[in-house]
Amino acid sequence: MGLGLRHMIIVLLILAGGEAIAQEKFTISGKIKDAANGEDIPFTNVLVKELSGVGATSNVYGFYSLTIPEGDYTLIFRFVGYQTLEKTISLRQDMTLDVELEATATALEAVVITSEAENENVTNNEGSVTKISMNTVKEVPTFGGEPDILRIAQMNPGIKTAGEGNSGFYVRGGGLDQNLVLIDEAPVYNPSHVLGFFSVFNGDALKGATVYKGGMLPEYGGKTASVMDIRMKDGNSKEFQVTGGIGLIASRLTFEGPIVKDKGSFMISGRRSYADLYLRPLEDDRLNSTKLFFHDLNLKANYQITEKDKIYVSGYLGRDVFGYRDDFGFDWGNITGTLRWNHVISNKMFSNTSLIYSNYDYNISVGSESAGEDIEIKSQIEDFNLKQDFSFYPNSNNSIKFGFNVIHHTITSGSLDGGENSGINSDAGDLSYGYESAIYLQNEQKINDKWSANYGLRYSFFHRIGPGSEYLFDSEGNLISEETFSDGSLMEYMGGLEPRLAATYLLNKKSSLKFVYNRNYQYLHLLTGSTASTPIDVWVMSSNNIKPQQADQISLGYFRNFKKNVYEASAEVYYKSMQNVIDYKTGANTFLNSQLESDLIYGTGEAYGLELFLKKTKGDLTGWVGYTISRTTRKFDEINDGKPFSAKQDRTHDISVVAMYKINKKLSASGSFIFYTGDAVTFPTGQYTVEGITTPYYTERNGYRMPNYHRMDLGLTWYLKKTDKLESSWNFSVYNAYGRENPYIINFEPNEDNPNINNAVQISLFRWVPSVTYNFKF
């Protein structure tokens, strides 16, 4: 692999092109930070005033590098939400220049990840990318008044919510398991609290997020639909600070401050819900002993060891707990940890080395443990990941990135532990082991005044290793043979090349065309027997029976700004082809099945659509309107006689309207409206009775529709005090303001007058959910 990577680097350097050496050139590099708290500011534009079109952009750690001819220049540092800074330099040799930017008076948050320049959405190479600022997240009303970055992501075109009470999401026809959700580079396998009503991401601990709906950079891989890259705050390196909120459902508290001023900082952020505390005063022992809550904890610290070396340590711990007396218990949660080392190799080369840990598990207990009648079921997915990235800045027109990562996966598909008096035999469950690895190389290149591109290659490969067994089944799913492998032996090898391209053609300073193509492979798969993701869904590895999922996507977009960049607009069309899509056979046994692969079928998928987006970025009234018209189908030989059928997430129309209005210095209002076509669903077409037992039968997969969904949320924020040292506010919000009874489940119940006929009965979750939250910062 090493020789192949060297060849890839050589080819890319040739493509990057050497500039004429008619004049001696030097490199200026450095870090860009927030003047108030010392946070790194990613994606800041660095422009050279005297050289039209020449500049650079800082990476996610605030590092920039720019190589230009010898001379006297004015550098312009510009990022939305901060005052533009100009620095005059005399460039006669390589030099380092670190800068700090001051937040503008109107900025509500110190760090905002949004458009880096006023027309950056037009000029950058990022087609099919959505950037989310925490400023916006905290203003838009959400369920229970908790700032929720996943909910805001779902209000953008092409990103569809998985439904009421589910924080999962679909991106351009992909499945729930096809989204790579990262927090400080660590994957989060189940980003949901309370079965999906809240996400696991505490808004007070986050810096922002970038969602790649297409045009995924080669550095990302492992999932076929999208990447959501979420970054935690680093912590205030200037002074100590406390932030928090007290709400009706949950409260949160964040501490941050310097370890050594301007050299290191820490951040600790915790959150807990307390529905169970409302039950404690009740006299009914069945209720006052019930456990019903979630908690999460974000931790991060960093320290500047030398001028060229900085380390980061971050982690997340979160858990949901539900227990009813001694009869039933259910808990699930995520643990992640990331250790990063930033090293400036030279003024043109930057290195980031990451050691990453991720764990998701659930536990179900039934019966009395004291009587020895308990039954406990457990499942787990655990990762250890080594990731190495290099950034190389050869000249002002090219930014090259390359690296590799190796992930060791361990999956426990389900273990069963029965108490001594339970009458249940214990089963250690199936353990699966594998290595998922990749090497990649990419270049962001400014070709000329009109054309720019970000292109590269990723080669991913997967090794399934022992101990374990491989099964061979016939066409009916009957076991033919079994082969057992010893510890560490190779069971299966698979891999493939993943080309990526994002190209931008600048029509003028106000408009551009963008083209994106990418291919992705996926080696881990989520199997769900329900219509929505649940904590007890099963993760499986690719094997001799389960082939890697593959997706190829192309998109073409037109981007245009109006009225001096006050309005941003875009229109994108996309087409996605999916291979080796996985589903269950009809009537499959999905629970604690050691030979689950015999109940799986494999097919293809197709998705295409049009996404329209209009956003107002300035003024007292801001917000956006997003609309998606799309089609998503699946095709299996074993289903619907091999004819294509609608996927669950096939929603023809999806509309989101978000508005934020600054009434005065003390009051701001916000609101959102969501509408989407009802999900495709399979309903029984009839029933038959044999020996008094009535059984429904089905003829067409997803041949019916749930009722259309629509909802309005309203919010009002009252700012009590805002100074350099103290901020406080009240937030009032109503989820589902006009009380629409949206469908959650459709059940079929016998008709009282005629038991041979079943009536469809809609079950809804909530009509109105008001919330009040007091937020503070000092």
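The values are calculated or read from the model by the stated rules, or taken from the named source; none is laboratory data. Not measured: the values here are computed from a predicted model. All Cβ positions, even for glycine, are placed from backbone atoms using ideal geometry, and neighbour counts span all protein chains on display. Accessible surface is based on the protein model in full, side chains and every heavy atom, while ligands, DNA and RNA are left aside. Shrake-Rupley method; radii C 1.70, N 1.55, O 1.52, S 1.80 Å.
Observations, loosely collected:
- Check on Phe636, surrounded by 19 or more Cβ atoms within 10 Å (Cβ to Cβ), modelled with pLDDT of 95 or more and among the aromatic types (Phe, Trp, Tyr): no
Yes/no per residue for (1) aromatic (Phe, Trp, Tyr); (2) in contact with a helix residue (DSSP H, G or I) (Cβ under 9 Å, 6 or more places away or on another chain); (3) closer than 24 Å to Tyr744 by Cβ:
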position: Pro644; (1), (2), (3): no, no, no
position: Ile655; (1), (2), (3): no, no, yes
position: Leu667; (1), (2), (3): no, no, no
position: Tyr697; (1), (2), (3): yes, no, no
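- First in region 237-249 and buried (at least 16 other Cβ atoms within 10 Å of the Cβ), second anywhere and part of a loop (DSSP other than H, G, I, E, B), Cβ under 6 Å, 6 or more apart: Ser237/Gly38; Ser237/Asp262; Lys238/Asn37; Lys238/Gly38
- Subset of region 418-431 that is closer than 30 Å to His463 by Cα and in a strand (DSSP E or B) - its residue that is modelled with the highest pLDDT: Leu431
- Residues in region 64-98 that are free of Cβ contacts under 8 Å to residues at least 24 places away in the same chain and open to solvent by 50 Å² or more (accessible area, probe 1.4 Å): Asp72, Gln83, Thr84, Lys87, Thr88, Ser90.
- Pair list, Cβ < 9 Å and 6+ apart or interchain, from region 309-322 residues that are free of Cβ contacts under 8 Å to residues at least 24 places away in the same chain and under 12 Å from Gly333 (Cβ atoms) to residues that are open to solvent by 50 Å² or more (accessible area, probe 1.4 Å) and in a strand (DSSP E or B): Leu317/His295; Leu317/Leu297; Leu317/Leu299; Leu317/Ile335
- Enumeration of residues in region 664-691 that are free of Cβ contacts under 8 Å to residues at least 24 places away in the same chain and either of a type outside the set (Ser, Thr, Tyr) or buried (at least 16 other Cβ atoms within 10 Å of the Cβ) (or both): Asn664, Thr682, Gly686, Val690, Glu691
- Restricting region 459-478 to residues that are assigned to a strand (DSSP E or B) and among the charged types (D, E, K, R) leaves a set whose member that is surrounded by the fewest Cβ atoms within 10 Å (Cβ to Cβ) is Glu470.
- Across region 389-406, the number of residues qualifying as among the polar types (S, T, N, Q), part of a strand (DSSP E or B) and more than 21 Å from the chain's Cα centre (by Cα) comes to 4.
- Going through (1) more than 14 Å from Asn545 (Cα to Cα); (2) surrounded by 12 or more Cβ atoms within 10 Å (Cβ to Cβ); (3) modelled with pLDDT of 95 or more one by one, Gly529 falls short only on (3).
Per-residue answers, yes or no, for (1) within 30 Å of Gln687 (Cβ to Cβ); (2) touching a Ser or Thr at 6+ places or on another chain (Cβ under 8 Å); (3) open to solvent by 80 Å² or more (accessible area, probe 1.4 Å); (4) in a strand (DSSP E or B):
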residue: Trp730; (1), (2), (3), (4): no, yes, yes, yes
residue: Glu741; (1), (2), (3), (4): yes, yes, yes, no
residue: Asp753; (1), (2), (3), (4): yes, no, yes, no
residue: Tyr774; (1), (2), (3), (4): no, yes, no, yes
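- Test result for Glu24, of a type in the set (Asp, Glu), at pLDDT below 90, surrounded by 16 or more Cβ atoms within 10 Å (Cβ to Cβ) and farther than 25 Å from Asn236 by Cα: no
- Flag for Ser415 being touching a strand residue (DSSP E or B) at 6+ places or on another chain (Cβ under 8 Å), without any contact (Cβ under 8 Å) to a residue 60 or more places away in the chain and buried (at least 17 other Cβ atoms within 10 Å of the Cβ): yes
- Residues of region 250-291 satisfying the condition of being among the aromatic types (Phe, Trp, Tyr), open to solvent by 70 Å² or more (accessible area, probe 1.4 Å) and more than 19 Å from Asp34 (Cα to Cα): Tyr278
For (1) touching a residue at least 12 places away in the same chain (Cβ under 8 Å); (2) not β-branched (Val, Ile, Thr), each residue gets a yes or a no:
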position: Tyr435; (1), (2): yes, yes
position: Ile480; (1), (2): no, no
position: Arg519; (1), (2): yes, yes
position: Ile546; (1), (2): yes, no
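- Being open to solvent by 10 Å² or more (accessible area, probe 1.4 Å), closer than 29 Å to Ser729 by Cα and either out of contact with any helix residue (DSSP H, G or I) (no Cβ under 9 Å at 6 or more places or on another chain) or not hydroxyl-bearing (Ser, Thr, Tyr) (or both) is a description that does not apply to Phe294.
- Boolean, Gly456 is touching a residue at least 60 places away in the same chain (Cβ under 8 Å), surrounded by 14 or more Cβ atoms within 10 Å (Cβ to Cβ), under 30 Å from Lys510 (Cβ atoms) and not polar (S, T, N, Q): yes
- Identity of the residue in region 652-663, under 21 Å from the mean Cα position of the chain (by Cα) and within 18 Å of Phe169 (Cα to Cα), that ends up surrounded by the most Cβ atoms within 10 Å (Cβ to Cβ): Asp654
- Some residue of region 706-726 being assigned to a strand (DSSP E or B), of a type in the set (Asp, Glu) and either modelled with pLDDT under 80 or open to solvent by 60 Å² or more (accessible area, probe 1.4 Å) (or both): no
- For Ile601, the conditions (1) at pLDDT 90 or above; (2) open to solvent by 30 Å² or more (accessible area, probe 1.4 Å); (3) assigned to a strand (DSSP E or B) are fulfilled apart from (2).
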